[in-house]
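Below: one structure, written as structure tokens.
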Amino acid sequence: MNNMKKLILDTILVVIGNILLAFGTAAFLVPSGIIAGGATGLSLIITRFIPLSLSTTLLIVNVFMITIGYVFIGKKFVAGTVLSSFLFPFFLGIFERIPGLTTITNDMLLYVIYSGVFVGVGCGIVLRLGYSTGGMDIVPVLINHKTGSPIALWMNITDIIILLGQIMFSTPEQILYGIIVAIITSIIIDKTMLLGERKLQVIVISKEYEMIYKMIDTQIQRGCTFLNVTTGYMRDDQKAVLSVVSRRQAVKLNELIRSIDENAFIITSEVHNVKGRGFTLPNVEL
């Protein structure tokens, strides 16, 4: 049952991601004439030489890249990618036919900002699930799968190559704006993929570590780990308390620690991904 719920939720999110991606492309990216990266940019180049619609060309490119993904990454990846590969051209075709949608604004700066935001959020939602929006996204995901290199880095590299391929068809202004769109898109993708996963890691060095541990366990309701430490000045062997909390809990935690030991040494740092009990798994009931 849990697997079925996850599949349904993933499918809904993939649909939403592709709607946002198609809307940003149809309403802001294509009407502006700004050069584009990814499968859209590659398709724009192809339509210069072959009399096909952008939606049809995108579909052909996506099917070709799906085959590569299936061979080198596997069935699970392709399952989510197949859906995107057909949804993106489908929604793009719908948005292209809506009167007035392609003329929302004549401001080039608004075209740049909103195309970067919508395309970035749409791609980020799908990539966060471990799938792809199809097309050229498969290349960065494949490289990430094989080497662990950041997806956004390789998306930038492939985008730059595709952007260069459109130089002969574009004005210098469209080229410069296109580069800005690519940068905004990659930033938004990174932010979307990490949205809601940032937590704070807190390390507390205090002689009252037992009381601090009990306070975190009962009042903050987070687990703790003891670290063996030796203080630098007094050379005392003692334990430090490590815990991971949300930003909201961190404010309360700091106050409670100070109420126990006002001289406690507190180190707080941001962590981007937390897996385990209390976060991605249910708390242990004792």
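For beta carbons closer than 6 Å, sequence separation of 6+ or different chains, a first residue in segment 143-162 that is touching a residue at least 24 places away in the same chain (Cβ under 8 Å) and a second that is open to solvent by 30 Å² or more (accessible area, probe 1.4 Å), the qualifying pairs are His145/Ile73; Ile151/Asn144; Ala152/Asp190; Thr158/Met136; Thr158/Val139; Ile162/Leu42. The number of residues in segment 143-156 that are surrounded by fewer than 15 Cβ atoms within 10 Å (Cβ to Cβ) and part of a helix (DSSP H, G or I) comes to 3.
Scan segment 27-54 for residues that are in a helix (DSSP H, G or I) and surrounded by fewer than 20 Cβ atoms within 10 Å (Cβ to Cβ) and jot them down. Selection gives Pro31, Ile45, Ile46, Thr47, Arg48, Phe49, Leu54. Looking across segment 213-250, the residues that are under 22 Å from Arg198 (Cα atoms) and part of a helix (DSSP H, G or I) come down to Ile216, Asp217, Gln219, Ile220, Arg247, Arg248, Gln249, Ala250. Residues of segment 69-111 that are in a helix (DSSP H, G or I), of a type in the set (Gly, Ala, Ser) and at pLDDT below 75: Gly69, Ala79, Gly80. When the criteria are applied in full, Lys199 fails the requirement of being touching a residue at least 60 places away in the same chain (Cβ under 8 Å), of a type in the set (Lys, Arg) and surrounded by fewer than 15 Cβ atoms within 10 Å (Cβ to Cβ).
The values are calculated or read from the model by the stated rules, or taken from the named source; none is laboratory data. Just so you know, these numbers come straight off a predicted model, no measurement behind them. FYI the Cβ positions are ideal-geometry reconstructions off the backbone, even for glycines, and counts take in every protein chain you see. Accessible surface is based on the protein model in full, side chains and every heavy atom, while ligands, DNA and RNA are left aside. Shrake-Rupley method; radii C 1.70, N 1.55, O 1.52, S 1.80 Å.
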